[in-house]
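Structure first, commentary second.
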Amino acid sequence: MTVFVDKRELVTLMTLGSAPELLVLGYLRNQRLVESVADLDSITVDWDVNAAAVKTRYGIERFDEKTAKRVVTTGCGQGTVFGDLMGDIDSIRLAPADEPSARLSQAALYGLLDAVRRQESTYKSAGSVHGCALFRQSDLLTFVEDVGRHNAIDTIAGWMWLHGVDGSDKIFYTTGRLTSEMVIKSAQMEVPIIVSRSGITQMGYEVAVRLGLALFGRATNRHFICYCGFDRFDAEPEPQRS
């Protein structure tokens with residue numbers, strides 16, 4: 001799907017196309033090309049020509065400058081982000097770890113993983129896509145699958161942005177590895193806790209520590225690794241086995 005902004009070609013996304021308008025909205029948000037939903041007049045998707053047309057209300061300031069620098073990422077399905085990945089990272093503020101709603105208990109983590117296990121998905125049947133989800137504790141709010149994890153998180157970001165959903169008390173789940181790009185996008189959504197069934201890169205870890213996120217990897221069934229942000233986790237002793 002090729003995205004055009006005010007009739008100017010921006011990017012082509014490889015996508016399953018389950019929620020293309022939300023994907024485009026989240027992409028524009030996470031690329032920091034628009035600051036508010038109110039800046040957009042419309043997003044129109046036409047699968048006859050595999051294109052999405054975005055019409056802004058006032059244009060995008062410094063469009064050429066913002067899209068001049070392209071970074072090839074670790075992601076499949078997208079592969080490119082615009083601008084400096086670490087730009088404005090120090091301006092991100094997450095809910096403090098002592099805020100009860102910004103913490104995760106071990107029981108809630110197990111409940112979250114059980115909800116993912118019970119979710120009908122292409123990933124579970126074929127393993128050929130990435131799945132991402134947004135939780136409030138163990139309550140599943142939305143679930144998205146796409147060919148790449150970046151598309152899935154961008155779609156969730158679009159859903160949150162469109163509906164005005166606050167991320168400070170939410171948990172982001174992904175089947176994909178925790179890279180710096182995924183950590184930054186979660187932080188931009190103001191989500192302080194990330195859970196993945198995969199591993200973590202060194203840069204992803206360093207960014208998470210810098211921003212104060214809690215990262216859980218290799219999380220399946222009752223197994224997980226808390227890589228950082230343990231101060232957001234309420235661990236519970238495992239019952240003794242007889």
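Placing unit charges on each Cβ (+1 for Lys and Arg, -1 for Asp and Glu) gives the chain a dipole about its Cα centre, and among Ser121, Phe4, Gly59 the Cα reaching farthest toward its positive end belongs to Ser121. Close amide H pairs (under 5 Å, H built 1.01 Å from N) link Thr56 with Asp6, Asp41, residues at least 5 positions away or on another chain.
Expressed as a fraction of 2.2 N^0.38 Å, the C-alpha radius of gyration for segment 149-221 is 1.01. Around the amide H of Val11, modelled in the peptide plane, lie the amide H atoms of Val3, all under 5 Å away and 5 or more residues distant in sequence or on another chain. Taken one residue at a time, the phi angles of segment 107-112 give Karplus couplings (6.51, -1.76, 1.60, θ = phi - 60°) of 5, 5, 4, 4, x, 4 Hz. Gly and Pro are set to x. At a probe radius of 1.4 angstrom, the accessible area of the chain per residue rounds to 48 square angstrom. Cross-link check: pairs Lys124/Lys185; Lys7/Lys170; Lys7/Lys124 evaluated at a Cα-Cα cut-off of 31 Å; pairs beyond the cut-off: Lys7/Lys170; Lys7/Lys124. Against the longest alpha carbon principal axis of the chain, how many degrees, from 0 to 90 and to the nearest 10, is the axis of helix 149-163 turned? So the inclination is approximately 80 degrees. Within the chain, the longest run free of trypsin sites (Lys or Arg not before Pro) that sit in a DSSP loop with at most 12 other Cβ atoms within 10 Å is 94-221.
Computed from Cα atoms, the angle from the helix 20-30 axis to the main principal axis of the chain rounds to 80 degrees.
Stokes-Einstein diffusion coefficient for segment 86-240 at 25 °C in a medium of 0.890 mPa s, Rh from the Kirkwood formula over Cα pairs: what value in µm²/s? Answer, rounded: 160 µm²/s. To put it simply, the accessible area of the chain at a 1.4 Å probe is 48 percent carbon and sulfur.
The values are calculated or read from the model by the stated rules, or taken from the named source; none is laboratory data. Every value quoted in this text rests on a predicted model; they were computed, and no experiment measured them. Backbone-built Cβ (ideal geometry, glycine too); neighbour counts: all protein chains shown. Surface areas here come from the heavy atoms of the whole protein model, side chains and all, with no ligands, DNA or RNA. Shrake-Rupley method; radii C 1.70, N 1.55, O 1.52, S 1.80 Å.
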